[in-house]
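Here is the structure we will look at.
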Amino acid sequence: MKTRTVNLGPVEAIALGHGMCFVVVGKEIAVFRSRAGKLFAVSNRCPHRQGPLVDGVIDDAQVICPLHGHKFDLTTGHGSETGECVKTYRVWEENGQLILGGVQ
Ligand code: FES
């Protein structure tokens, strides 16, 4: 299946230690910028009860869902609860722009 690469705008739009949600081809994708400036992108909806992960607290490479506290590794998407996982996307900075890849 063909995948897309999308320019999401200036990286600086996301403050360090925060996230922002983008809708790309109908999918909600949460993009996070860690305090150290590392970028991560995952599906925004928590697999438990659809909590908005973008509103969660991020700690290094992990996000804590704001609704019931399940944790997700932002690198692998693996959750703290058995069988829970979120989809991850490739995201990087290019000339100050946030580029998202691998969106189908
Ligand atoms: S909705 Fe995310 S932990 Fe319940």
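What to note about this one:
- Near PRO10, once Lys and Arg are set to +1 and Asp and Glu to -1 for all other residues with Cβ below 13 Å from its Cβ, the sum equals -2.
- Counting neighbouring beta carbons within 10 Å and listing from fewest to most, the residues LEU74, LEU53 come out as LEU74, LEU53.
- Between GLN104 and HIS48, the contour length at 0.36 nm per residue exceeds the alpha carbon distance by 17.9 nm.
- Normalised by the number of residues in the chain, the mean separation of alpha-carbon contacts (under 8 Å, six or more apart) gives a relative contact order of 29 percent.
- Range in the chain, longest, excluding exposed trypsin sites (Lys or Arg not before Pro) [loop by DSSP; at most 11 other beta-carbon atoms within 10 Å]: 50-104
- Inter-probe distance in nm under a simple model that places probes 7 Å from Cα toward Cβ, at ALA15 and GLU81: 3.0 nm
- Evaluated over the chain, the Cα radius of gyration and Dmax, each in Å: 12.8, 39
- Residue order, fewest to most beta carbons within 10 Å, for ILE58, ILE14: ILE14, ILE58
- Positive dipole terminus of the chain, leading residue within VAL54, LEU39, VAL103 (C-beta point charges): VAL103
- Exposure proxy order (Cβ contacts within 10 Å, fewest to most) of GLU28, GLU12: GLU12, GLU28
- FRET efficiency, 1/(1 + (r/R0)^6) with R0 22 Å, evaluated for ARG90 and VAL23 via beta carbons: 0.80
Read-outs: derived from the displayed coordinates by stated rules, not from any lab. Keep in mind that what you see is a predicted model, and the values were worked out from it rather than measured. When we count neighbours, we look across all protein chains shown, and the Cβ atoms used for this are built from the backbone with ideal geometry, even at glycine.
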